[in-house]
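The values are calculated or read from the model by the stated rules, or taken from the named source; none is laboratory data. Owing to the predicted nature of the structure, the values given are computational and were not obtained by experimental measurement. As a convention, Cβ positions derive from the backbone with ideal geometry for all residues, glycine included, and neighbour counts pool all protein chains shown.
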Amino acid sequence: MKQAVKQPLLNKSSELFIPYVVVGDPSLEVTERVIEMLAESGADAVELGVPYSDPLADGPVIQRAASRALDQGVSLKDVLQVAANVKKRGVDIPLVLFSYYNPVLQFGEEAIVQEAKRAGIDAFLIPDLPLEESEEFTSLAQAQGLSMISLVAPTSHDRIEYITKRAEGFVYLVSSLGVTGERSNYNEEVYQFIERVKQTSTVPVAVGFGISSREQVDQFWQHADGVIIGSAIVRTIEENRQLLSNENTMESGLKNIKAFVESLISS
Amino acid sequence: MTVYPDQKGRYGAFGGRFVPETLMVALEELTQAYETISNEEDFQQQLQKELTDYSGRPTPITYAERISKRIGGANIYLKREDLNHTGAHKMNNAIGQALLAKRMGKTKIIAETGAGQHGVAAATAAARFGLSCKVFMGEEDMKRQALNVFRIELLGAEVIPVKSGSKTLKDATNEAIRYWVANVEDTFYLIGSVVGPHPYPKIVRDFQTVIGKESKQQFQAQYGKLPDEVFACVGGGSNAIGMFHPFLEDDVKLVGVEAAGKGLHTEEHAATLTKGTKGVLHGSLMYLLQDENGQIVEPHSISAGLDYPGIGPEHAHLFETGRVQYEAASDADALEAVQTLAQEEGILPALESAHALKKAFDRAEQLPSSASILVCLSGRGDKDVHTIQSYLGGE
């Protein structure tokens, strides 16, 4: 089901920077501040990670952050509240709700698209809901004008077109096999893979999984339309969590994260 | 009767394939390879030969005469899966999948394990067929089942300690899937129960239906009829589905027994169908123990093999249609049944199987002596001696 005329999710289509945070690590308040900082630093969209007990696609850094957030009882409802709060405070970049399927299912599929819309969420990314299983949810989301972000993996081969044809917002291109987490180098084949996906995609193609350095960002910006950076940011938040958890030192913690983000993307 | 699973791997509403995109092609390849290979006559012959010559099938049906006489109700019969090589029904599936992996040209297998029984079965099959084997096991479980860790290593497999989450079976499964995502091109994931994304619940069921098929033939041959009722314990549900599936269209009452742990009124149980709600775990829509936010809750059972927060999608379907009745037996019930069977029949059952035994004993009292109950004795209890000793010693 293709929508007739739809505003693109992102307002540019090259050198995109899409960071990911685990909402509620180390606290909901800090997450809100981090999102504002990311928007100010030039993020083109932010992925709001919903903490989950069994994050199959994630490596140890995001697992640890999720379990810290869960220890504080952070739920999908809180993530929506964070979205609403930052939008109210003037964050005007798209917000992508990144959740595993089970929390969405328990919230209720119809309820979540309505509540997400109300909270100012612009798109969904559900890593364990492949196209074959997502038809119903996608049409619910589309009815509210929300996009479903699809992933394409190095093993997708003949499925690439099947995925890109239905892609909305941007295509999340999984750089390499395995779970999320920083990688020191990439197989050269990834550039051919990016090329192949770009050929059939009508929306921007952003590369994620493992990107953590300026060199990697530059490299992928040359080949793809954007980068998604998760674990490297989540790890920086983790390293600064003492500072971030104390009112008196929060600003310097945020400054450290901002410095890291700028080191990744500023020219 | 509709044949399950359907094209999308669904059993009614349950099952499916809720996995990251990276695994979709591998699962489709596995579906097609299994379809082709399982229909090849020489594959079936080789499987049959291994089950017979290596694992010791067919396993007998034993009449529990003294217990039946004492109860004075229905006669109780035991399908002796405990007499399989390595001591449980797990071997049926491990042999089947290892042979499948080999025919698919894979040389590396991985497996998850809770108590270590499936880990032992997978390591055994890997040794038998010359495959390398990594077994993912939660650190908590490794402490509780140190002997099985050593057994797996003796069989030449590598045990990978899992430090994430609650460090038990559910996390071992997560970690096995994560490893598979990274190594999907040359690695075969040998799942131990009727869970996971399609086609796993079907593959495991198919390899376990040897239990039910044999039972029907044997019972018919020995007693000239089918049993009136069949009982099996349910964790993920592989021995139960293997036993029940061939009986689904017969006029036989089927009862699955979950673990009520310390009691259904407590939070420490593994009674997924009795107390759980619908959700997605490990790639499949099923019933789960979870909180209102969809976070998975850690189960409890005295028997590590029933200690899983989900249940196979086909069981979820059979529960909803009412074809199979599901009950729950507690830790104390299981301990009692272990002692009864040991003392009155000279058979030490696994704690898992003891859950089904207890419910069968109770049911037998309500039935006339003309009735018959068949219980799937899924495994032997040697692995549990230490656990049983510490529970009984603590009383």
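Taken over the stretch A:239-255, residues that are touching a residue at least 40 places away in the same chain (Cβ under 8 Å) and basic (Lys, Arg) amount to 1.
Can you find even one residue in the stretch A:73-84 that is over 15 Å from B:Gly294 (Cβ atoms), charged (D, E, K, R) and either in contact with a strand residue (DSSP E or B) (Cβ under 7 Å, 6 or more places away or on another chain) or at pLDDT 95 or above (or both)? For the stretch A:73-84, residues over 15 Å from B:Gly294 (Cβ atoms), charged (D, E, K, R) and either in contact with a strand residue (DSSP E or B) (Cβ under 7 Å, 6 or more places away or on another chain) or at pLDDT 95 or above (or both): absent. The set of residues in the stretch A:145-161 that are assigned to a helix (DSSP H, G or I) and within 10 Å of another protein chain (Cβ to nearest Cβ) comprises A:His157, A:Asp158, A:Arg159.
Among the residues of the stretch B:251-277, those identified as within 21 Å of A:Asp54 (Cβ to Cβ) and under 20 Å from the mean Cα position of the chain (by Cα) are B:Glu258, B:Ala259, B:Gly261, B:His269, B:Ala270, B:Ala271, B:Thr272, B:Leu273, B:Lys275, B:Gly276. Take B:Arg66 and decide whether it is away from chain A (no Cβ under 14 Å) and in contact with an Asp or Glu (Cβ under 7 Å, 6 or more places away or on another chain). It is true that B:Arg66 is away from chain A (no Cβ under 14 Å) and in contact with an Asp or Glu (Cβ under 7 Å, 6 or more places away or on another chain).
Residues that are polar (S, T, N, Q), at pLDDT below 95 and not in a loop (DSSP other than H, G, I, E, B) within the stretch B:145-173 comprise just one, B:Asn148. Applying the set (1) over 23 Å from A:Asn11 (Cβ atoms); (2) at pLDDT 95 or above; (3) under 18 Å from the mean Cα position of the chain (by Cα) to A:Glu168 leaves exactly one unmet item: (1).
Can we say B:Lys213 is among the basic types (Lys, Arg) and surrounded by 22 or more Cβ atoms within 10 Å (Cβ to Cβ)?
Values: among the basic types (Lys, Arg): yes; surrounded by 22 or more Cβ atoms within 10 Å (Cβ to Cβ): no.
Spelling it out, it is not the case that B:Lys213 is among the basic types (Lys, Arg) and surrounded by 22 or more Cβ atoms within 10 Å (Cβ to Cβ).
The requirement of being within 14 Å of chain B (Cβ to nearest Cβ), in contact with a strand residue (DSSP E or B) (Cβ under 6 Å, 6 or more places away or on another chain) and not hydrophobic (A, V, I, L, M, F, W, C) is satisfied by A:Gly208.
Considering only residues in the stretch B:281-296 that are under 19 Å from the mean Cα position of the chain (by Cα) and not hydroxyl-bearing (Ser, Thr, Tyr), the one that is surrounded by the most Cβ atoms within 10 Å (Cβ to Cβ) turns out to be B:Met286.
Would you be able to tell me the number of residues in the stretch B:267-298 that are away from every other protein chain (no Cβ under 13 Å) and either touching a Pro at 6+ places or on another chain (Cβ under 9 Å) or among the polar types (S, T, N, Q) (or both)? Total satisfying the criteria: 6. Screening B:Met142 on (1) free of Cβ contacts under 8 Å to residues at least 24 places away in the same chain; (2) in a strand (DSSP E or B); (3) aliphatic (A, V, I, L, M) shows it passes everything except condition (2). On inspection, A:Val197 passes the criterion of being closer than 22 Å to A:Trp221 by Cα and within 14 Å of chain B (Cβ to nearest Cβ).
Check A:Ala43, A:Ala119 and return the single one that is over 29 Å from A:Arg183 (Cα atoms) and either without any contact (Cβ under 8 Å) to a residue 12 or more places away in the chain or away from chain B (no Cβ under 13 Å) (or both). Selected residue: A:Ala119, the only one of A:Ala43, A:Ala119 that is over 29 Å from A:Arg183 (Cα atoms) and either without any contact (Cβ under 8 Å) to a residue 12 or more places away in the chain or away from chain B (no Cβ under 13 Å) (or both). The single condition from (1) of a type in the set (Val, Ile, Thr); (2) buried (at least 23 other Cβ atoms within 10 Å of the Cβ); (3) in contact (Cβ under 8 Å) with a residue 60 or more places away in the chain that B:Thr107 fails is (2). Answer yes if at least one residue in the stretch B:68-81 is surrounded by fewer than 22 Cβ atoms within 10 Å (Cβ to Cβ), at pLDDT 95 or above, among the charged types (D, E, K, R) and in a helix (DSSP H, G or I), and no otherwise. Yes, there is a match, as at least one residue in the stretch B:68-81 is surrounded by fewer than 22 Cβ atoms within 10 Å (Cβ to Cβ), at pLDDT 95 or above, among the charged types (D, E, K, R) and in a helix (DSSP H, G or I).
Name the single residue, out of those in the stretch A:83-116 being β-branched (Val, Ile, Thr), crowded, with 23+ Cβ neighbours inside 10 Å and closer than 12 Å to A:Val46 by Cβ, that is farthest from the other protein chains (Cβ to nearest Cβ). Looking at the filtered set, the residue picked out is A:Val86.
Conditions tested, residue by residue: (1) in contact (Cβ under 8 Å) with a residue 24 or more places away in the chain; (2) in a helix (DSSP H, G or I).
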residue: B:Asp42; (1), (2): no, yes
residue: B:Pro58; (1), (2): yes, no
residue: B:Ala94; (1), (2): yes, yes
residue: B:Ala122; (1), (2): yes, yes
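A residue that is surrounded by fewer than 19 Cβ atoms within 10 Å (Cβ to Cβ) and in contact (Cβ under 8 Å) with a residue 12 or more places away in the chain occurs somewhere in the stretch B:306-320. The residues on offer are B:Val204, B:Val194, B:Val135, and the sole one that is buried (at least 24 other Cβ atoms within 10 Å of the Cβ), more than 14 Å from every other protein chain (Cβ to nearest Cβ) and part of a loop (DSSP other than H, G, I, E, B) is B:Val194. Residues that are at pLDDT 95 or above, of a type in the set (D, E, K, R) and buried (at least 21 other Cβ atoms within 10 Å of the Cβ) are absent from the stretch A:190-203 altogether.
Provide a single number: the residues in the stretch A:56-76 that are free of Cβ contacts under 8 Å to residues at least 12 places away in the same chain and either in contact with a Gly (Cβ under 8 Å, 6 or more places away or on another chain) or facing chain B (nearest Cβ under 9 Å) (or both).
Total satisfying the criteria: 2.
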